[in-house]
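Would you mind keeping the following structure in view while I ask a few things?
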Amino acid sequence: MAHALTLARWQAALAASGCPVCRMAQGAGRDFLIQVLREGKAHAEVYERVRDAGGFCEAHTSLLRPLGATRGGDRRSLARLYGWLLDDLASDLTPRDPCPACEAAADYERASLAALRDLLHPVTGDADLRKRFEDGAGPCLHHFVAAASLIEDGESFRILSDVQARAWEALSRDLKEYLRKHDYRFSREPKTPAEEQSWIRAVAAISGTPVEGGERIPPENHDERD
Ligand SMILES: [Zn+2]
Ligand SMILES: [Zn+2]
């Protein structure tokens, strides 16, 4: 069951753009926030982790308001949560633990990397998932290094490093074309959607996090005089 769940999550993450491990880890952090907003003190153990951490880190705090409005009910769930925190933290103003949503994300990150190691294995892995992984854009630099350190099977390691090499070569080609077509001599040549998005994908490939607002740039909306 756990295997099927991780396989389904890997399939979904590979169907989307960007690093699949980043996507799954971010999803786990978001799921944690949704759980806190929905269940509040009814899930005492989860609430206590939030209390002991003195709330959330900046990145997860910034997700709370939009999540509260859409997934966790309404603004009252956020008001209630912070009302409890103000009362409970008043007697002890020293947060003891790291952000629990970051911890949930890190736990899932470890689990998804271990699953990748198992799924890529040529004998005991999943052939369909392996093919999807081979056709994908590969993980970000941080998650490539993390996966490489975990994989012991030679064939699995070859798949991982081939995917990464191919993906980075293609990205580098797109990025060079993007820059070349910004030169006034070639600026009438249309850019492909992949080239338009190449600088955004390059940032994500190295840092794991997309450029803020970059995804809002329409792929074909290019000013030729730019
Ligand atoms: Zn990543
Ligand atoms: Zn956090």
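Order 131, 191, most accessible first, counting only protein heavy atoms with a 1.4 angstrom probe.
Working: 131 110, 191 10 Å².
Sorted descending by solvent-accessible area, the residues read 131, 191.
With each pseudo-label sitting 7 Å past Cα toward Cβ, what's the residue 45-residue 5 distance in nm, one decimal?
Calculated label separation equals 1.3 nm.
Specify which residue in the list 115, 46, 143 is farthest towards the positive end of the charge dipole of the chain, using unit charges on the beta carbon of Lys, Arg (+1) and Asp, Glu (-1), about the Cα centre.
About the Cα centre, the residue reaching furthest to the positive side is 46.
Now, a different point. Nearest 20 debye, what's the magnitude of the dipole of the chain about its Cα centre given +1 on Lys and Arg Cβ and -1 on Asp and Glu Cβ? Walk me through the intermediate numbers first.
Details: 30 positive and 36 negative charges, 91 e Å.
Using only the charged Cβ atoms, the result is roughly 440 debye.
Let's test the formula: R0 of 30 Å, r as the Cβ-Cβ distance of residue 97 and residue 65. What FRET efficiency results, to the nearest 0.05?
Numbers: r = 23 Å, r/R0 = 0.76.
Once rounded, the FRET efficiency stands at 0.85.
Check the cysteines of the chain one by one and keep only those with no other cysteine Cβ under 4.7 Å from their own.
None - each cysteine has a disulfide-compatible partner (Cβ-Cβ under 4.7 Å) in the chain.
Shifting gears a bit: What does the charge dipole of the range 100-155 about its Cα centre add up to, to the nearest 20 debye, if the Cβ of each Lys and Arg holds +1 and the Cβ of each Asp and Glu holds -1?
100
Follow-up. So which lysines can residue 191 reach, going by Cα to Cα under 27 Å and dropping same-chain residues fewer than 8 places off?
Within the straight-line limit of under 27 Å, residue 191 reaches these lysines: 176, 181.
I would also like to ask the following. For 140, 57, give me the order by solvent-accessible area with a 1.4 Å probe, most accessible first, ignoring ligands, DNA and RNA. Don't skip to the end; give the middle numbers.
Values: 140 0, 57 40 Å².
Largest accessible area first, the list is 57, 140.
Run the simple label-point estimate for residue 106 and residue 153 please: 7 Å along Cα→C-beta, distance reported in nm.
Placing both labels 7 Å along Cα→Cβ, they lie 2.9 nm apart.
Would you mind working out the magnitude of the charge dipole of the range 106-216 relative to its Cα centre, with +1 at each Lys and Arg C-beta and -1 at each Asp and Glu C-beta, to the nearest 20 Debye? Could you put the intermediate results ahead of the total?
Numbers: 16 positive and 20 negative charges, 111 e Å.
About 540 debye.
Moving to a separate point now. Determine the principal axes of the Cα atoms in the chain, then give the extent along each, sorted from largest to smallest and rounded to whole angstroms.
65, 52, 28
The values are calculated or read from the model by the stated rules, or taken from the named source; none is laboratory data. Computed from a predicted structure; not experimentally measured. Every residue, glycine among them, receives a Cβ derived from its backbone with ideal geometry; neighbour counts consider all protein chains shown. Side chains included, ligands, DNA and RNA excluded: accessible areas come from the protein's heavy atoms. Shrake-Rupley method; radii C 1.70, N 1.55, O 1.52, S 1.80 Å.
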